[in-house]
Amino acid sequence: MTGLTRGSVRPNQWLRNLNAKIASIPMILTALVIFVGGTAWTVVYSFTNSKLLPRLKFVGLDQYERLWEAPRWIISIQNLAVFGFFSLIFSLVIGFVLAALMDQKIRFENTFRTIMLYPFALSFIVTGLVWQWLLNPQYGIQSIVRSLGWESFSFDPLYDSDIVIYGILIAALWQGTGLVMCLMLAGLRGIDEDIWKAARVDGIPMWKTYVLIIIPMMRGVIITTLVIIASGIVKVYDLVVAQTSGGPGIASEVPAKYVYDYMFLAQNLGQGFAASTMMLLTVAIIIVPWAYLEFGGGRKRG
Amino acid sequence: MDNLASKSALKRHEAEDTRIKAGPRGSKPRSALSRRNIIVYGTLILVAVYYLLPLYVMIVTSLKGMPEIRVGNIFAPPLEITFEPWVKAWAEACTGLNCDGLSRGFWNSVRITVPSVLISIAVASVNGYALANWRFKGADLFFTILIIGAFIPYQVMIYPIVIVLREMGVYGTLTGLVIVHTIFGMPILTLLFRNYFAGLPEELFKAARVDGAGFWTIYLKIMLPMSLPIFVVAMILQVTGIWNDFLFGVVFTRPEYYPMTVQLNNIVNSVQGVKEYNVNMAATILTGLVPLTVYFVSGRLFVRGIAAGAVKG
Amino acid sequence: MKLRSLVGALAATVALPLGVAGATDLEVTHWWTSGGEAAAVAELAKAFDATGNKWVDGAIAGSGGTARPIMISRITGGDPMGATQFNHGRQAEELVEAGLMRDLSEVAEREKWREIVKPSSLLDSCTIEGKIYCAPVNIHSWQWLWLSNAAFKQAGVEVPKNWDEFVAAAPALEKAGIIPLALGGQPWQASGAFDVLMVAIAGKDVFEQVFAKKDAEVAAGPEIAKVFKAADDARRLSKGSNVQDWNQATNLVITGKAGGQIMGDWAQGEFQVAGQKAGEDYTCLPGLGVNEVISTGGDAFYFPLIEDEEKSKAQEVLASTLLKPETQVAFNLKKGSLPVRGDVDLAAANDCMKKGLDILAKGNVIQGTDQLLSPDSQKQKEDLFSEFFANPSMTPEDAQKRFAEIIADAD
């Protein structure tokens, strides 16, 4: 090992930056060409009346006016807010608790981990169907509980416009918490054992050690998890299609579904692009200031 | 190199040893039926039931014949077990004219997944390492753009990417598809690695620098072995995402490269005609087997804590 | 035993052989993937292979959202397939206008499509600025009410002969614990059911004024108000269906848990698979038994412009093969749809299909909404009706107002 990279014994600024820059070329290209370029392209075409094919026939803000007049879009936004809020909180809490339990040097860790993670491996097109069955009042959980003698039991979230989004939440957590647990577990495994020892010596109770010492140390992993969950929430689509197709009526529609449906089913690219631009704008407004503070400010390793 | 870093690593390793010997992170050694154990295992088993219930329904359904499914009790075990749906899903279900089930696309999926997973993880981990430990001016801007990119619905990007790939001359090739998977895996993976590397004990990195190790040496000899759990997470993400990807696989390649999910989609997503739920369930489980195997096998790497890996470097 | 065959199958098929090219290969993409559909496609392929060419199958299930972006990307990405299915009508309009599709007028002229294709509106849908761009292959109609004879027997009422009788019989069904009308939750089902009600109740002329001429005044007028009243009834009767897929809804009818379902002729396949017989176990009422009119939507093949001369020739051969009488009979019997030419004999058709053929022969046809409205307007209509059918607090009057707005904006 000592014979390697003699040149960088006392690395000067240029060499050090060179390697890092080479390593970052794919990122820079992706960011500029695909994300900036592609997004600019989309935004430009959202001001056109492109239907099946992108065409530069500008119509001003027409697509946006129509978007905000559509009852379906408004409901989609509201649903996303509710779904996003609960999904974020429950995923984080459940994921962390499970990871903490898994970190107790338990037996069969691998088996438990795979059980919690397997839903993530399965296509939602079909597992959505299974959840649709489970939550169906005629032959799912409700009928089982009723057949056990609890006649008045009622549980049909997918068929009640007011609570349908929670029915989708149940399946979303089923699919997603396993991954959150794994992320958290990876974070916990990255924490120095000495910390635990010290806490034990000081007689700090375990829950306090988690809340006051461990969680703050897992900041990086938690932020990663947050971004993964949040981007998943914004893009949520398959889940809704497989379980309710946006129903009953339009009660469980979500923005991403609006975008896809209008791009490909309605063949109205302009409308789909306008909707996706609004989604992206919202995300950017929330993320940019936060990202700037998080990544831009002088953090510990400058 | 060998001095400081490995010393601290060694210390850590000892800690790891005592941790394993000492048992749980709590204080006292436990008996098999301690209150703690009951709470821990009780909760885990309860949670496992919630996770397994849909799988139970899927397996039971996949073992029934269609007449039995029509009767309607989804929880009832099959009266007469049949493996027909499984055989059909794997080898007989028709995709248009080709009646060879999921098997048709299996090797294509492997050919797509292996290079895409390896390249995307390699690119993103090096990139995340550069961002965490070797920051340069301007990097944060690109990184912020990348993170916002994680929120863009894929489908919106289809047409611009078709244009880019067409101009690069790789539209319809396997290379093009690997590039697309690398691009869309990049935001989350880079973030994952960047934050993980940034959270590692700084002394290790500094010690290596003092010992004269450079960019690549530190990455390969120190960072890599210390980050096995996070590599497993990255692998879980990518194997799942790429193996289950359907849209990119068909939009950016031609039929000779179509992955297994095309057949899966054709089996489960028929618009008109009879839906064979048992075959659907069998096909879904079959398709999921590869990621599941990866989870189970690679999951063992989770057991290694941070210190156990470092001593290997 | 069965386990062994599973293992055998695994072993036999892991190595995948790729077909070796013979004559001119033509890749054909389509979304016919279920059992009956695939069998029908096999007939097309057989007929095409018999001409000395080779049909390379590129099936992608799931029409709109799934198959279409793939087809469009392939065509615009410069790697087009030899031929592709679309619901004929307005879906491929722009690809044609962009000059990406092949003009079939010559073939059509030579094979006298104008004379043989019945109803002629099918070919009109393929025609853009006087040139023919697609080959229609079948007719699917929407206007059917499927009834469970067992359900009505259980409720102690006669099997209805038309929509009004059906509505009148509903209370008896409800009393017997049967859902009168099964309706799946997917948006297109509600929207389609409304169109069916419209033809049945307001008649062919009003239907054409609204959807063909896009007359918003008619759409806001008293005739359509009547249709919305009927839709209001349907909404009430369909309460408690609690299923998503159309065939889950059909299954409710098959098992006698629901009295009836408004669905296209493809529902027939479900009854057949369940071993039920038309007339004995179930009853079909075209045009809801009120107005025996059927719509003539369906599928067609389009041919992207390809520079390769041999492929272009093969495209022509395929186009002409698709409309050959033998192909039409073989294909449509398997598909359960009606042929696009009136001069073929479908002796093997079942009762309900025969009813359809009779109506077709009488010329009581309308164009499907796929042909008349742009996919954009169709989608807006779906959004409206899925909301209307699911939300009892939305009055028919409000819904009609929004419907009229969609028609006014339609193109």
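Descriptive notes on the structure:
- A simple rule links phi to the HN-Hα coupling: the Karplus curve 6.51 cos²θ - 1.76 cosθ + 1.60 with θ = phi - 60°, which for segment C:140-154 gives 10, 10, 9, 7, 10, 10, 9, 10, 8, 4, 5, 4, 5, 4, 4 Hz, with x for Gly and Pro.
- Candidate aspartates and glutamates for bridging to residue C:324, where Cα separation is under 18 Å - those fewer than 8 sequence places away on the same chain excluded: C:43, C:49, C:106, C:109, C:111, C:115, C:299, C:316, C:343, C:345
- Within 10 Å of each Cβ in C:242-255, the average number of Cβ atoms from other chains: 4
- Amide proton proximity set for residue B:172, modelled H, under 5 Å, gap of 5+: none
- The spread of Cα positions in the protein assembly as shown, taken along each principal axis and listed from longest to shortest, comes to 95, 71, 61 Å.
- The lysine pair tally for segment A:61-296, using Cα distances under 25 Å and a gap of 8 or more places or different chains, is 4.
- Taking 30 Å as the limit for the C-alpha separation, the pairs B:275/C:257; A:21/B:221; C:118/C:239 exceed it in the case of C:118/C:239.
- Cross-link table A:51/C:131; C:277/C:381; C:161/C:204; C:161/C:277, entries beyond 29 Å C-alpha to C-alpha: C:277/C:381
- Segment C:97-125 and segment C:350-385 have Cα centres lying 20 Å from one another.
- Local charge for residue A:77 was computed over the other residues whose Cβ lies under 14 Å away, with Lys and Arg +1 and Asp and Glu -1, and equals 0.
- Working note: Karplus 6.51/-1.76/1.60 with θ = phi - 60° gives segment A:138-146 the couplings 6, 9, x, 4, 4, 5, 5, 4, 5 Hz, where Gly and Pro are set to x.
- Residues whose amide H comes within less than 5 Å of that of residue B:95, counting only those at least five positions distant or on another chain, are B:100, B:101 (H built at 1.01 Å from N in the peptide plane).
- Translational diffusion of chain C, estimated by Stokes-Einstein from the Kirkwood radius over alpha carbon pairs at 37 °C in a medium of 0.692 mPa s, is 146 µm² per second.
- Span-like helix criteria (full DSSP H runs; alpha carbon extent of at least 20 Å along the helix axis; mean Kyte-Doolittle hydropathy of at least -0.5) are satisfied in chain A by A:13-29, A:71-102, A:164-189, A:219-234, A:269-291.
- Inter-chain shielding of A:221-233 (mean C-beta neighbours from other protein chains, 10 Å cut-off): 5
- DSSP-defined beta bridges in segment C:22-158 - what % are antiparallel, rounded to 5: 20 percent
- Per-q log10 I(q)/I(0), segment B:210-304, q = 0.11 Å⁻¹ (Debye; single scatterer per alpha-carbon; no solvent): -0.51
- With both residues required to sit in the protein assembly as shown, DSSP beta bridges show an antiparallel share near 60%.
- Summed residue charge, Cβ within 14 Å of residue B:277's Cβ, Lys/Arg positive, Asp/Glu negative: -1
- Cross-link reach list, aspartates and glutamates versus residue C:226, counting only Cα pairs under 12 Å and skipping chain neighbours closer than eight places: C:397
- Helix-only mean residue ellipticity at 222 nm for chain A, each DSSP H run of n ≥ 4 adding -39500 (n - 2.57), per residue, nearest 500: -19500 deg cm²/dmol
- Amide H to amide H distances under 5 Å link residue C:27 with C:56, C:82, C:83, where only residues 5 or more positions off or on other chains count and H is placed in the peptide plane.
- Counting, for every residue in B:72-83, the Cβ atoms of other protein chains within 10 Å of its Cβ and taking the mean gives 3.
Where a number appears in this text, it was derived from the coordinates with a stated rule and is not lab data. Small disclaimer: the values here were computed from a predicted structure and weren't measured. All Cβ positions, glycine included, derive from the backbone under ideal geometry; neighbour counts span all protein chains shown.
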